[in-house]
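Beneath this line is the structure, given in structure tokens, with notes to follow.
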Amino acid sequence: MIPVERQVEVKSLLEGMGNPAASPADRYDKFCRLFWTNLSYSRINTSLSRKGWPEPAAQALADDPLLFAAGAQDEAFHVIYGRLASDKLLLGAERPVVSRLLRDHPYALFVFSTGNRDHWHFLNVQYDDEIEKRRLFRRITLGPEECRHERLRTATERLSRLDLGERQPSAIELQNTVDEAFKVEAVTDEFFKEYASVFEDVEGWIKGIRDAGQKRLFTQRLFNRLMFIAFIQKKGWLKFGNDTDYLNALWHNYQHDKKGKGNFYLERLKLLFFSGLNTASEINLIGINRGGFLKDVIGQVPYLNGGLFEEDEDDRDPDITVPDECVNAIRRQLFNRFNFTVTESTPLDVEVAVDPEMLGKVFEELVTGRHETGSYYTPKPVVAFMCREALKGYLKTGVAKETPAAVERFVDEHDPAGLRDAEAVLGAIKRVTVCDPACGSGAYLLGMLHELLALRACLFATKNVDAVSTYQRKLEIIQNNVYGVDIDPFAVNIARLRLWLSLTVDFEGDEPPPLPNLDFKIEAGDSLTAPDPSGGLEQGFRKALVEEFLKEKATFMTAHGSQKVALRKKIAKLKQAITGWAHASSEIKGFDWVVEFAEVFMDGGFDIVVANPPFVNAIEFARVYPVGYRDRLNARFSSAKGAYDLYVLFFERGVTLLRAQGVLAFITPNKYLAAKYAVALRTFMLHSASLHYSGPRILDQAIS
């Protein structure tokens, strides 16, 4: 246990390192005192020559790096400091430097600063024993933004763990201590607990909603909106006066003006949500960004669209009240105590802070109790592995000229050297359709987004094809490639939110474009109870009707204001007409796959279906689901025999969603290979699909 007084000292020194009013020399002095005095590391302060270094590594630094401090027995653990030549903390500049230094300093903590030492990275390198000893980069960021309010909590607690005191551990023991201190899981767990506690309090304080489910959805929508703002304010797009710490500035201005009266949600947040972030009219352009009443009360904000800030019936209900204590608790206990980052983590690159990935974990683990319905959060390395395996299967059949070895090297290592036709591969990647029929908070949607993005980026870097920005690539992938359905509307809200956040973090500039509407891409519905989609959508003489439906859906994705309202009504009318002739009925229970995603089923189905399906045994099924629901499923699926687990039906549904030669990638137990309840499933799979074994790599440890 780290003494409280020691953490107070660490926090004070970190504040000094990020103090924008201090000189670079003063900030560097605080850094020296942190390690040489407070954390009890030996002062070394010796330059390390860059002679013979690769050019990218040598040019990344303003001067030679320092073997700054040492610890452990024989001083074999090194703290190495590098001052970057850039005024930004560029990960691409740090990586080659670290790679070169690790040759001679295997036990080390790396510290980088910008040229004027106003922003800092503490960087720990771990190794992935499961995947060919790949390096895992873990960073703690420090700067003026993190030093405001109480956002040094994570950095203080994590770095305090590096205190040597009177200890003299071995180098490997100290390295293990550092590795543990930089694990983001501890921050994640702490944020989970705080989020759940604050959510419960806020839900109780909100007044005017009697229905428990409706109240939960309203509370979650409030959290989603505020969390989105907490992330994007890091981009500097929202300003109150000249202050980009937007929510705190807005709150303090309200506190100053209200003089004991008023309501922050009513007087500030509703105007922000519905007259600012969701209004593209002259009110927005003139009233906010060019002066006037709205600018005085909510500052400068961009029009974002996307549906997140769309006003619904609850938002218009005057009887629903959100007391000030609700917003203040969210602001103080979440936003001001934890450092938020818009840097998206990957399996190999993580910032030890609250990132958009945590939204999915919060939802799956704490907010809705989805474990009762067999839903579990899937670790990111598992998601990445499954997405890559599915993409390899798709490309091996979809691009005839390429060898399996070249495809595997391209997808696994992002090395397209063996590809014969990069343009054809790019075309296949740009037209692939991927669906998660139990998408939850969107783990697989985000995973596939990142995999497709990485493949397109490496084709551009090495083959000079696909010359568009990262933002444009992401937008195209979201618009054209990924689809999701979940029975839980809470899950759908989070999945959409995560896709919006993923898109916004890559936009460079001061005026972000409106977000795409995802109403007809990530949808709420029962994936199992609708008719079998395997026959696709036969258009016949009604082809013009279907084409009009698809055209209006495509237009809706970028529509806003009154156009969006009119299009939604028109799409609903067209959908009802198509349903009537597609099924000889306009009333379909469950998610109607062939109509809702007509653009996919006109071509026979999805290229890839990937999921961690719900696991609910027969006993739990009877406890969780309503009477009669199992009978409806039994009538729908050939594999619904005996005391089956719910995942059995998702297997059958997943296969029926695929086009010919499509690829299914599911997390699955091995029970269906022998269990009596899975005899019908095995028969179905034998006649409808073939199993592909991808190799000896087992991810049991990652799953656990």
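The values are calculated or read from the model by the stated rules, or taken from the named source; none is laboratory data. On a predicted model such as this, the values are computed, not experimentally measured, just so you know. We place every Cβ from the backbone using ideal geometry, glycine too, and count neighbours over all the protein chains shown. Note: areas computed on protein heavy atoms with side chains; ligands, DNA, RNA excluded. Shrake-Rupley method; radii C 1.70, N 1.55, O 1.52, S 1.80 Å.
Structure values in brief
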| read-out | value |
| --- | --- |
| Cα-centre dipole for region 66-211 with unit charges at Cβ (Lys and Arg positive, Asp and Glu negative), debye to 20 | 620 debye |
| Residue-level accessible surface for His78, protein heavy atoms, 1.4 Å, Å² | 30 Å² |
| Partner lysines for Lys543 [C-alpha distance under 20 Å; skip if fewer than 8 residues away on the same chain] | Lys551, Lys553, Lys570, Lys573, Lys575 |
| Cα-based reach from Lys463 at 18 Å (exclusive), listing aspartates and glutamates while leaving out same-chain residues under 8 positions away | Glu402, Glu408, Asp412, Glu413, Asp415, Asp421, Glu423, Glu451 |
| Note, ³J(HN,Hα) from phi for region 235-243, Karplus 6.51, -1.76, 1.60, rounded to Hz, x at Gly and Pro | 7, x, 7, 10, 9, 10, x, 10, 9 |
| The chain: calculated mean residue ellipticity at 222 nm from DSSP helix runs of at least 4, using -39500 (n - 2.57) | -13500 deg cm²/dmol |
| Per-selection Kirkwood Rh - the chain (Cα, Å, 1 d.p.) | 27.6 Å |
| Accessible area per residue, Å², the chain with all protein chains present, probe 1.4 Å | 43 Å² |
| Accessible surface of region 459-512, 1.4 Å probe, proportion on carbon and sulfur as whole % | 46 percent |
| Whether region 635-698 is rounded, prolate or oblate, judged on the alpha carbon gyration tensor where a/c under 1.5 counts as rounded | oblate |
| Surface share of carbon and sulfur [accessible, 1.4 angstrom probe, percent] for region 172-244 | 45 percent |
| Computed lengthening from Thr555 to Ala618, 0.36 nm per intervening residue step minus Cα-Cα distance | 18.3 nm |
| Those trypsin sites (Lys or Arg not before Pro) in region 522-592 that DSSP places in a loop and that have at most 14 other beta carbons within 10 Å | Lys589 |
| Three-way shape label, region 42-164, alpha-carbon gyration tensor, a/c 1.5 | rounded |
| Region 17-170, relative contact order in percent, only Cα pairs under 8 angstrom and at least six apart counted | 23 percent |
| Under-5 Å amide H pairs with Ile44, H placed in peptide plane, nonlocal only | Ala69, Ala70 |
| Set of lysines near Lys295 by C-alpha distance (under 28 Å), chain-local residues within fewer than 8 positions excluded | Lys234, Lys235, Lys239, Lys258, Lys259, Lys261, Lys270, Lys564 |
| Loop-resident sites, region 569-657, for GluC sites (Glu not before Pro), counting at most 14 other Cβ within 10 Å (DSSP) | Glu587 |
| Cβ charges +1 (Lys, Arg) and -1 (Asp, Glu), total dipole of region 455-496, debye | 240 debye |
| Nonlocal amide H pairs with Leu537, under 5 Å, H built at 1.01 Å | Met602, Gly604 |
| Gyration tensor verdict on region 399-441 (Cα atoms; rounded if a/c is under 1.5, prolate if a/b is larger than b/c, oblate otherwise) | prolate |
| Pairwise centroid distance, computed over Cα atoms, of region 620-675 with region 401-463, Å | 29 Å |
| Dipole magnitude of the chain about its Cα centre (Cβ charges: Lys, Arg +1; Asp, Glu -1), debye to nearest 20 | 760 debye |
| Distant-in-sequence amide H partners of Gly525 (H built 1.01 Å from N, under 5 Å) | Asp486, Ile487, Asp488 |
